[in-house]
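Chemist: Starting off with a structure, shown below.
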Amino acid sequence: MATEKNLKEAFAGESQANRMYLAFAQKAESDGYKQIAKLFRAAAAAETVHAHAHFRVMGGVKGTPDNLQAAITGEGYEFQKMYPEFLKEAEAEKNVAAVASFRNALAVEKIHYDLYSQALEGIKKGKDLPGQDVFVCEVCGNTVYGQAQDKCSVCGAPKNKFTKIQ
């Protein structure tokens with residue numbers, strides 16, 4: 001069972017490294033270091049390869065209905081339990097930045113929960129989601145179908161902060 005525990009830790013570590021390196025790449029790019037940004041993005045891609053390999057070995061990828069149910073369970077936990085507790089602690093500590101970050105995440109995880117639930121209902125009827133554009137707010141992660149909102153309904157960011165997902 002040590003190997004299973006190690007796979008879970010390796011998956012978590014590689015996943016976190018990917019996100020961290022992408023954040024570092026954005027900073028390097030904004031600081032004018034294009035090649036260093038490219039190095040961070042390359043390392044992030046490599047960490048994704050590692051994370052996916054560990055996750056596959058753990059048996060984490062199943063059929064789409066099971067994967068949707070896993071996503072629903074995870075998002076449900078985040079918006080129903082995890083983020084409310086984190087938010088309460090951040091408010092008690094008067095950490096304004098953490099409060100904003102947790103509040104945004106809590107709202108968006110509920111949106112993801114609902115979107116995954118809709119997708120699972122469609123799968124049960126043998127249908128994919130309707131063909132629509134999908135946009136994500138770069139500030140809070142709000143996820144919307146159809147068109148980007150003029151003003152983000154979660155954080156208030158302007159329309160130009162939404163990225164179209166390919």
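The values are calculated or read from the model by the stated rules, or taken from the named source; none is laboratory data. Note that the coordinates shown come from a computational prediction; the quantities given were computed from them, not determined experimentally. For neighbour counting, all protein chains shown are included, and Cβ atoms are generated from backbone atoms with ideal geometry for every residue, glycine included.
Chemist: Report those helices (runs of 4 or more DSSP H) wholly inside region 61-153 carrying at least 3 residues which are among the aliphatic types (A, V, I, L, M) and more than 21 Å from Gln166 (Cα to Cα).
Modeler: Correct list: 83-92, 96-124.
Chemist: Just give me the residues in region 141-166 being within 18 Å of Asp114 (Cβ to Cβ) and among the aromatic types (Phe, Trp, Tyr), in sequence order.
Modeler: Passing the criteria: only Tyr145.
Conditions (1) of a type in the set (Lys, Arg); (2) more than 26 Å from Gly63 (Cβ to Cβ); (3) crowded, with 17+ Cβ neighbours inside 10 Å; (4) more than 18 Å from the chain's Cα centre (by Cα), marked per residue:
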position: Lys81; (1), (2), (3), (4): yes, yes, no, no
position: Asn104; (1), (2), (3), (4): no, yes, yes, no
position: Val134; (1), (2), (3), (4): no, no, no, no
position: Lys151; (1), (2), (3), (4): yes, yes, no, yes
position: Lys159; (1), (2), (3), (4): yes, yes, no, yes
position: Lys164; (1), (2), (3), (4): yes, yes, no, no
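Chemist: Could you please let me know if Tyr113 is closer than 26 Å to Ala17 by Cβ, at pLDDT 95 or above and not assigned by TED's automatic domain parsing to the domain that holds Ser15? Steps first, please.
Modeler: On the way: closer than 26 Å to Ala17 by Cβ: no; at pLDDT 95 or above: yes; not assigned by TED's automatic domain parsing to the domain that holds Ser15: yes.
No, not satisfied.
Chemist: Another one. Determine whether Ser15 is crowded, with 17+ Cβ neighbours inside 10 Å and either under 21 Å from Glu138 (Cβ atoms) or at pLDDT 95 or above (or both).
Modeler: yes
Chemist: Here is a check on your reading of the model: is Cys155 surrounded by 14 or more Cβ atoms within 10 Å (Cβ to Cβ), touching a Lys or Arg at 6+ places or on another chain (Cβ under 7 Å) and over 20 Å from Asp66 (Cα atoms)? Before you say what the answer is, go through the steps one by one.
Modeler: Values: surrounded by 14 or more Cβ atoms within 10 Å (Cβ to Cβ): yes; touching a Lys or Arg at 6+ places or on another chain (Cβ under 7 Å): no; over 20 Å from Asp66 (Cα atoms): yes.
Against the criterion (surrounded by 14 or more Cβ atoms within 10 Å (Cβ to Cβ), touching a Lys or Arg at 6+ places or on another chain (Cβ under 7 Å) and over 20 Å from Asp66 (Cα atoms)), Cys155 does not qualify.
Chemist: Shifting gears a bit: In region 28-78, which residue that is surrounded by 14 or more Cβ atoms within 10 Å (Cβ to Cβ) and among the hydroxyl-bearing types (Ser, Thr, Tyr) is nearest to Lys124 (Cα to Cα)?
Modeler: Going through the qualifying residues, I end up with Thr48.
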